[in-house]
Each structure stands twice: as structure tokens, then as C-alpha cells.
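Just below is one structure, and these are the notes that go with it.
What follows draws every value from the coordinates through simple rules; no lab data is involved. What you see is a predicted model, and the numbers here were worked out from it, not measured in a lab. Virtual Cβ from ideal backbone geometry, glycine too; neighbours counted across all protein chains shown.
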Amino acid sequence: MKALHQFVATFEPGATGAHMLELQRLARDVLGVESELFAEYRRGPHAERVRHHRDYKARPGDVLVYHMAIGSVVADFVADRDLPLVVDFHNITPAHFIEPWEPGAAYGCAWGRNQLRDLAARADLGVAHSGYSEEELRREGFPDTAVAPILLDLSTFDTEVDAEALARLHDGKKGADWLFVGRLSPNKCQHDLVKALAVYRRLYDPHARLHLVGGSSSDAYVAAVEGFAAELGLADAVTLAGSVTPGELAAHYRAADVFVCVSDHEGFCVPLVEAMWNRVPVIAYAAAAVPETLDDGGVLLPAKDAATVAAAVDRVLADRGPVVEAGTRRLADFSLERTRTRWVELLQQVPE
């Protein structure tokens, strides 16, 4: 291997973008090879470090890594290069979650699933970030698969808190503050969090609030969540913060009493790790890859009906210390020292 070049449909801030930057550092600093980033679309503070995918010129000794999460012309571009290929599978949201809300986005998911099947015959290795996702790769026909955690520099979570944002979050606080971080999307089931909060306020804490942080992948779903909260009399108790700055995100974690996830589909779920880093106790529905990411670092629920979630929050907040400490212990498994070692092992196995 003389170079390790990475490709993605859209390079932007978030878990995948941060993972790509860490993989680039690993290639340059540990493997000692050239490494560039390519994408069709580029957004955010590191966009200038990413070139358009059509600027790539193949050379002998190159190994390509394609980050798969949705359908894209970049997948076809990479598949057409006669070079060793690793597909880094960040999972694809099943289209049936999205289709009733955003048919266009659902098409992108279905397109990506079809491309994934095509890439199975082309790739030298399929890498998943969980056993759950690895099983999907196998079902799609990848003959050689492996699991490697997403590369996370945990120190980047240690962001200076936005003092004004923290003051706003504390303003009017009289009960427990729930937090969930992730784009507003039907598969992440923020509507189920609203239901659970309604039951929790009725049975345990009438002043509890829910903060939902993250951009939207569906304006229709956002409107539905807002309308649902209003119908339940929770308009003042449920806040949709949208996309926030790193300092504002740090303020949300600082102010939160509990992190609650009831998502139906996650390929990894980095915010679970963020919550553990910020010493916020985690309660999560045991669906998709969530049990692997959280493991024993929080409370896993076998069901997510509103009464079950509300009761779990009440129990955890009665004695949050053990759950917080469990999360802190779990963090060691995501250290860069451990995850980098795994990625080096895998990349060194890719045929030239």
C-alpha cells in the first residue's frame, strides 16, 4: 500500500466526517502512506481539506475506502476504479422508515442498498462498526467482512461549555431534564420520547422537560413531533433545538439529568458515547446496534412503551451514580489506542 484514499457522498461535520479525519491521520502517522479525502459534496469547517471525487487520479499502490451510508454517484465512481477497495459501512436507514415522510430521502436509502449489493462483488473487504451491521453486509453478499469500532477522539468531546446556552437551559428548570441527540428522523423515534415524557410527568415529575438536539432530515416529521407535543400539552416542555454549536451541545450535556434513546435503527450511535463521556446516565431501547455500543455502560430496555421508559428514568434518577460509573468504564473500549490498533490490523490485510 502506497496510499489510502477515502471517498464519501457528502463530507460534513458529524460522526462519519470525524471518523474519516481520524482514519486519514492513522494512514499518514501510523501506516506512513499518503491519504486524501474525496466527496461529491463538502460542507463545514474541514471542507477545504476534501477534494471533489472526480479530481482523483488512480495510481498503482492506492487502496480506496468508500464510506457507505446512502446512495451516491460516488459509489459507482469508486467501483469503476480497478484498485483494492474497502467498504466502510456506516449502515443505511431502511427506506420504510422514511418513505411516508420524505419519499426523496427514501429513494436515496433504497438506491444505497442496491449499490451496497453491487459493491459486495467488487470489494476486497467490508468493514462494519457493529456486529449488527456486519450481519447486513453478509446478507448483501460480502464474502469478507470484519467489525471495527468507529474512530473517535474522545478528547474532542471535552468542549468549552457555552455559558449563555447553559444559563438558558437552567432557566425555569424545576424537574428532570431528558436529552436525546441525533437528527430528527422517523427511525430515531423522537415521537416515542414525547410519549414517554408525558407518562413520566403524569406519574413521577410534573416539571420534567425533554430537549431534542440535532438537525432534521424531514420537515414533515419535525412538524409532526411539534404538533404531537402540543396535543399532549407539552409544548413548553419539549424543545427542538435543531443543529447546535459544539459549545451549545456541551451545555446540553452539562444540563441534562438523563440521556434517553428509543431509536428503532442505529448503526452505531455516537451520542451514546458522548453521553457517557459527559457523565450523563444513559437509558436506551435495545434495538439494532445500540446494545453493542452501550453494552454495560447504561441501562438497556427490552421494550420502549411509554410506561417502561418512564419507570426506568425514575429508577435511574433515584440513584444515577452506578449508571454514570458504568458508562465511564465503558469508554475505555473506545479509546483511540484500541480502535486504531484494530483498524491497522484490518488495513494491513487488504491485498495490494
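Values computed for the structure shown
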{"quantity": "Distance between modelled label sites at N114 and D144, nm, 7 Å Cα→Cβ extension", "calculated": "2.8 nm"}
{"quantity": "Residues of type lysines that K2 reaches as a straight line, Cα spacing below 19 Å, ignoring anything fewer than 8 places off in the same chain", "calculated": "K57"}
{"quantity": "Helix-only CD estimate at 222 nm, as mean residue ellipticity for the chain, using -39500 (n - 2.57) per DSSP H run (n ≥ 4)", "calculated": "-12000 deg cm²/dmol"}
{"quantity": "Positive-end residue of L169, P322, A306, charge dipole of the stretch 155-333 with Cβ unit charges", "calculated": "A306"}
{"quantity": "Summed residue charge, Cβ within 12 Å of L152's Cβ, Lys/Arg positive, Asp/Glu negative", "calculated": "-3"}
{"quantity": "Three-way shape call for the stretch 16-66 based on the alpha-carbon gyration tensor, with the a/c threshold at 1.5", "calculated": "oblate"}
{"quantity": "The chain - percent relative contact order, Cα under 8 Å, separation 6 or more", "calculated": "15 percent"}
{"quantity": "Karplus-derived HN-Hα couplings along the stretch 88-96 (A = 6.51, B = -1.76, C = 1.60, θ = phi - 60°), whole Hz, x at Gly and Pro", "calculated": "8, 8, 8, 6, 10, 4, x, 4, 5"}
{"quantity": "The chain: DSSP helices with Cα axial extent of at least 24 Å and average Kyte-Doolittle hydropathy no lower than -0.5", "calculated": "103-120"}
{"quantity": "Gain in span if fully extended, S335 to R49, counting 0.36 nm per residue against the direct Cα distance", "calculated": "100.5 nm"}
{"quantity": "Which of A79, A105, P206, positive extreme of dipole for the chain (C-beta unit charges)", "calculated": "P206"}
{"quantity": "Nearby aspartates and glutamates by direct alpha-carbon distance to K173 (threshold 13 angstrom, same-chain neighbours under 8 apart not counted)", "calculated": "D205, D236, D257"}
{"quantity": "Choice from T16, T293, T159 showing the highest fluctuation, given a GNM over the chain with Cα pairs closer than 10 Å", "calculated": "T159"}
{"quantity": "GNM flexibility winner over the chain from D295, D192, D29 (Cα, springs under 10 Å)", "calculated": "D29"}
{"quantity": "Low-density loop positions, GluC sites (Glu not before Pro), the stretch 140-228 - DSSP coil, at most 11 other Cβ in 10 Å", "calculated": "E160"}
{"quantity": "Rounded to the nearest 20 debye, dipole of the stretch 155-333 from Cβ charges on Lys, Arg, Asp, Glu", "calculated": "360 debye"}
{"quantity": "Order by protection proxy (mean Cβ within 10 Å, highest first), peptides 170-176, 327-333, 4-10, 197-203", "calculated": "4-10, 197-203, 327-333, 170-176"}
{"quantity": "Reported label for calculated Rg and Dmax of the Cα atoms in Å given (1) 22.0, 73; (2) 21.1, 70; (3) 20.6, 65", "calculated": "(3)"}
{"quantity": "Cα-centred dipole magnitude for the chain, charges only on beta-carbon of K, R (+1) and D, E (-1), debye, nearest 20", "calculated": "160 debye"}
{"quantity": "Environment charge of L21, counting only residues whose C-beta is closer than 15 Å and scoring Lys/Arg +1, Asp/Glu -1", "calculated": "0"}
{"quantity": "Computed E for R342/A230 - FRET, C-beta separation, R0 51 angstrom, nearest 0.05", "calculated": "0.65"}
{"quantity": "Between the stretch 83-146 and the stretch 251-316, the alpha-carbon center distance in angstrom", "calculated": "25 Å"}
